[in-house]
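Q: Sharing a structure here in structure tokens format.
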Amino acid sequence: MKNLVVFGPPGCGKGTQSANIVQRYGLVHLSTGDIIRKEIAGESAMGDLLNKFVSHGVLVPDNIILKEVYRFGLDHLRSNGIVFDGFPRNLYQAQMLDRIFHKKSMRIGLVISIDVPEDILMARIIERGKTSGRSDDTIEVMKNRLMVYQSQTQPVIDYYKKCNRLVLIDGTKAVNNVFDDIEQIINERLYR
Ligand code: AMP
């Protein structure tokens, strides 16, 4: 299995690029954000609880997320590989992912971090908010999401850097050009 993480701040384009990767390489897409939004749309008690976190731009508790990831992993053990989008979001999740994978003799072979400056991220999210219908695509919530990214998610970069799995990509380029760069990295690192 070719498992990889697409990493980066909100608005960096990781959802779009993950979908491109999945299509190009025949992998499966695990977006924890999409799983959460589906649950919220179903208006269950769990959905209401999740919405409290998401609408404030803070992370959903690890135990809820890890249960979903574990279930998805088990369902896709025989796939060509998993593209993780929006997970891991903190150091604990990164360590738990390695631990779960280790038990199944699997590994994350590559972490692609999409780099975009904050002013561009903010502009993109405001634009996306006009059509996305997402309660967290507003200026106020976005400020919180960026703060959470810096304090909790960014440390994950060092974790992957230390084990030589991290590659930085310039996410300010046009979508197609970003994907060209990603494709080159994946071909070099995962399909040599
Ligand atoms: P995303 O679509 O990845 O930007 O995620 C939207 C929101 O879902 C985040 O702001 C968090 O509230 C929540 N979320 C998504 N993935 C995770 C995760 N791995 N851990 C905790 N919360 C998450």
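Q: List the residues, sorted by chain then number, that are 5 or more residues from His29 or on another chain and whose placed amide H is less than 5 Å from its amide H.
A: Here Val83 satisfy the definition.
Q: Compute the accessible area per residue over the chain, keeping the other protein chains in place, probe 1.4 Å, unit Å².
A: Accessible area per residue: 53 Å².
Q: To continue, here is another question. Amide H to amide H under 5 Å from Val5: which residues, 5+ apart in sequence or cross-chain, H placed 1.01 Å off N in plane?
A: For Val5, the qualifying residues are Phe84, Leu110, Val111, Ile112.
Q: Same structure, new question: Whole-Hz Karplus ³J(HN,Hα) for segment 105-111, in order, using 6.51 cos²θ - 1.76 cosθ + 1.60 and θ = phi - 60°, x for Gly and Pro?
A: In residue order, the calculated couplings are 6, 10, 8, 8, x, 7, 10 Hz.
Q: Moving on. Which trypsin sites (Lys or Arg not before Pro) does segment 1-80 hold that lie in a coil by DSSP with at most 14 other beta carbons within 10 Å?
A: Hits after loop and neighbour filter: Arg78.
Q: Which of the DSSP-defined H helices in the chain satisfy a minimum axial length of 15 Å, computed from C-alpha atoms, and a minimum mean Kyte-Doolittle hydropathy of -0.5?
A: In the chain, the long hydrophobic H runs are 62-75, 91-103, 118-132.
Q: May I ask you to evaluate 6.51 cos²θ - 1.76 cosθ + 1.60, the Karplus curve with θ = phi - 60°, for each residue of segment 4-12 and list the ³J(HN,Hα) values in order in whole Hz, giving x for glycine and proline?
A: Ordered by residue, 3J(HN,Hα) equals 9, 10, 9, 10, x, x, x, x, 7 Hz.
Q: Expressed as a whole percentage, what fraction of the accessible surface of the chain belongs to carbon and sulfur atoms when a 1.4 Å probe is rolled over the protein heavy atoms?
A: Here carbon and sulfur together make up 51 percent of the probe-accessible area.
Q: Oh, and also: When only alpha-carbon atoms count, how far does segment 9-124 stretch along each of its three principal axes, as whole angstroms with the largest first?
A: Taking max minus min along each principal axis of the Cα atoms, segment 9-124 gives 37, 35, 26 Å.
Q: Here's a follow-up. Expressed as a whole number of Å, what is the distance separating the alpha-carbon centroids of segment 4-67 and segment 74-115?
A: A separation of 14 Å, based on Cα centres.
Q: Rounded to the nearest 20 Debye, what is the dipole magnitude of segment 46-187 about its Cα centre when Lys and Arg each give +1 and Asp and Glu each give -1 at the C-beta?
A: For this selection, approximately 600 debye.
The values are calculated or read from the model by the stated rules, or taken from the named source; none is laboratory data. Every value quoted in this text rests on a predicted model; they were computed, and no experiment measured them. Neighbour counts run over all protein chains shown; Cβ positions are idealised from the backbone, glycine included. Heads up: the accessible areas ignore ligands, DNA and RNA and are worked out on the full protein's heavy atoms, side chains in. Shrake-Rupley method; radii C 1.70, N 1.55, O 1.52, S 1.80 Å.
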